[in-house]
1. Quick check: anything in segment 156-168 open to solvent by 50 Å² or more (accessible area, probe 1.4 Å), modelled with pLDDT of 95 or more, farther than 28 Å from V518 by Cα and among the hydrophobic types (A, V, I, L, M, F, W, C)?
2. Any chance segment 305-313 includes a residue that's at negative phi, assigned to a helix (DSSP H, G or I) and within 19 Å of the chain's Cα centre (by Cα)?
3. All but one of (1) buried (at least 20 other Cβ atoms within 10 Å of the Cβ); (2) within 29 Å of W342 (Cα to Cα); (3) out of contact with any Gly (no Cβ under 8 Å at 6 or more places or on another chain) hold for D243; state the number of the condition that does not hold.
4. Just to be sure I understand, how many residues within segment 217-249 are at positive phi and among the small types (G, A, S)?
5. (1) basic (K, R); (2) within 29 Å of K64 (Cβ to Cβ); (3) touching a strand residue (DSSP E or B) at 6+ places or on another chain (Cβ under 7 Å): which one isn't true of R503, the others all being true?
6. Could you please tell me which pairs satisfy a Cβ distance under 9 Å, a separation of 6+ or placement on different chains, a first residue in segment 380-398 that is in contact (Cβ under 8 Å) with a residue 40 or more places away in the chain and under 22 Å from W501 (Cα atoms), and a second residue that is hydroxyl-bearing (S, T, Y) and open to solvent by 10 Å² or more (accessible area, probe 1.4 Å)?
7. Scanning segment 281-304 for residues that are assigned to a loop (DSSP other than H, G, I, E, B) and open to solvent by less than 50 Å² (accessible area, probe 1.4 Å), which turns out modelled with the highest pLDDT?
Amino acid sequence: MAEGGNVSPYEEALDALSSLITKRSRADKSNKGDRFDVLYDYIKMLDLEDAISQMKVIHVAGTKGKGSTCTFTESILRNCGFHTGLFTSPHLIDVRERFRLDGLDICEEKFLAYFWWCFDRLKEKTNEDIPMPTYFRFLALLAFKIFAAEQVDVAILEVGLGGKFDATNVVQAPVVCGISSLGYDHMEILGNTLGEIAGEKAGIFKHGIPAFTVPQPDEAMRVLEEKASQLDVNLQVVPPLDDNLLNGQKLGLEGEHQYLNASLAIALCSTWLQRTGHSEVTYLGYANPLPEEFIKGVTTANLQGRAQIVPDPYINTERPGDLVFYFDGAHSPESMEVCAKWFSIAIKEDSQQQILSYQPQGSSQSSQEWIQRHLDRRAGKNSAQILLFNCMTVRDPNVLLPSLMKICASHGVNFKKALFVPNISVYYKVGSHSLPPTDSQVDLSWQFTLQRVWENLMQTNKGDDKSTVAVDEDLKLDKEMCARNGENSAVFDSLPLAIKWLRDSVQQNKSIRLQVLVTGSLHLVGDVLRIIKK
C-alpha cells in the first residue's frame, strides 16, 4: 500500500474500492449474468469455499422491504443471544454500514484488516481472463470473509439486485430463503413484467430449502410457486403481523407495510431456529404468543433512511423542531406511495413523543414544562412542507412525482416548494474526499426535467390551499442562490446550497416551521444525513 500524503488509511482503502466501480451501465444487455461463474474463482482465491458452505445463511430477495426484513431478522436473532452478521446495501453515509456485527457497523480497524487481506490477495491472483471483481461483487466477497473470520452464528444476506445472478447467490445451501414484496423496479435489468421480475428473485431458491414470501400480485405469485415446485421448495405465504402480539408496543420501523416485513422476518427466524437445532426459543404459529426475544427484536430494530425523522441539529436549540427532515429512500412507484402515506401521517401526528425527542440533553426543566413551552411557541407558526428530491435517470418521474403529490394531497398535505438537487456522491467514487470540486460545472439537465414535471403537475392540480400565500411570503428565494427558480420549485447547483437556503429561511423567519421530505434516492438520503450529522 502506497503512502497517500494527507489521505488517511481509511480513505486509501476507499480509493482502492473506488477503482472497482465500472462506469458501464448496469442495464447493459450484453452482460446477462456478467460471467456469474467467475465468482467461484474469486472464492477459491480467497480460500472461502469451506467457510461459505458451513455458514448458516438467511438469504432475502425482493423489490421493496428486503432491507427492513433483514433488519428485523438480525434484531430478533441477536435478541435470542446469537452472534449475528448482516450484509445489506446500499450504504447511506459510510461503506462500513453494509457489514454489521451484532447490530453495529464493523469498526474501522477490522474493516481495514479484512479489506486489504481480500484486495491484496485478489490483486495478486487475478489476471486478464479473471480480472478484479467489480465493486458490489468485491463487497459481497468481503462480507463472506468478515463473517467467516468473525465466526458469526448466522449470516443474513440481503440480495443487491435481482437474485439469480446476484453475488450473494453463490451460497449453495442457505438455511432458509425469503422473498419480500415484489413490484416494478430495475426493469431495465430484470424484465418488464412482474412474472419476469419474480423469476429473477426466485433465482435464490435452492433445492429442498424452505422459503417464505408475503402476499404477491397473482402474476408474480404464479412464477414463485412454479419455481418453488421445480426445486421441491416448501414455499409459504405469511400474513401481516397481528399487532396484538406485540404486548402494546410498536414496531421499531415506521409504517403499516412493516407489519408484513416483520411477519416475514419472524417466519425466517423461527425456521432458522428449528433447522439449526435451537428449539429452546421458537415461534410455532400465528395463534401463539410471540416469544419475548422476538418482541424485543421487532420493536427495537432500526434502519437509517427509511421512515426516519431527524430535527436539524444545526438550528439553535431554543427553536428545535423548526427545521425537521423526514427521510425515506423510496424510489419505486409502490414504495413512493408508502412514503407519501407515512409522511402525511407523521407530520400530522407530530406527537408529544416526537417533541420529547427534541428536548436538549441536560435540560433542568421538567419534560412537561418543556413540551408545553414548545407547543405554546409553535402554536403561532405556519408549518410548510418542502420536498427535497432527486432520482436516478432510469426512474420515471412521471410515475413517481404524481403518485407522491396525489397521496399527500388526499391527506391535506400540499408542498409549498419542491427543491431538486444533484446527488453529492460521484458515481464512480466512494469516500468523503472524493466529492466533486466546487468549481466544476454540474450537469443539471436531469434536475431541470424533474422540475418541469413538477411544475406541470402543480398547474394541473392547483387547489384552494388557504395557507399558501402566508407561507410563501416567508419563503422568498434569492435568484442568485439557485440555478433555476420556478413558481413552485427550484433547482439548486448543489445539495449544500439547498440545505443552506432551508436553514437561512428558518433562521430569518421566526414565524415558520419547515418539514422537509427527502426522498427519491437512497443516495440523496445519505448525502443529506451526512451533511446534517456533521
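1. Looking for residues that are open to solvent by 50 Å² or more (accessible area, probe 1.4 Å), modelled with pLDDT of 95 or more, farther than 28 Å from V518 by Cα and among the hydrophobic types (A, V, I, L, M, F, W, C), one finds none in segment 156-168, hence no.
2. Checking segment 305-313: not a single residue is at negative phi, assigned to a helix (DSSP H, G or I) and within 19 Å of the chain's Cα centre (by Cα).
3. Among (1) buried (at least 20 other Cβ atoms within 10 Å of the Cβ); (2) within 29 Å of W342 (Cα to Cα); (3) out of contact with any Gly (no Cβ under 8 Å at 6 or more places or on another chain), the lone unmet condition for D243 is (1).
4. Number of matching residues: 1.
5. (2)
6. Going by the 9 Å Cβ cut-off, the qualifying pairs are K381/S511; N382/S467; N382/S511; S383/S467; A384/S467.
7. A301
Table: residues versus (1) in a loop (DSSP other than H, G, I, E, B); (2) surrounded by fewer than 22 Cβ atoms within 10 Å (Cβ to Cβ); (3) at pLDDT below 95.
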position: L20; (1), (2), (3): yes, yes, yes
position: S30; (1), (2), (3): no, yes, yes
position: G33; (1), (2), (3): yes, yes, yes
position: D41; (1), (2), (3): no, yes, no
position: I52; (1), (2), (3): no, yes, no
position: H59; (1), (2), (3): no, no, no
position: T71; (1), (2), (3): no, no, no
position: S75; (1), (2), (3): no, no, no
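The values are calculated or read from the model by the stated rules, or taken from the named source; none is laboratory data. The shown structure was predicted, so the numbers you read here are calculated from the model rather than taken from an experiment. Cβ coordinates were reconstructed from backbone atoms using ideal geometry, including for glycine residues, and neighbour counts include every protein chain displayed. Accessible surface areas use protein heavy atoms only, side chains included; no ligands, DNA or RNA. Shrake-Rupley method; radii C 1.70, N 1.55, O 1.52, S 1.80 Å.
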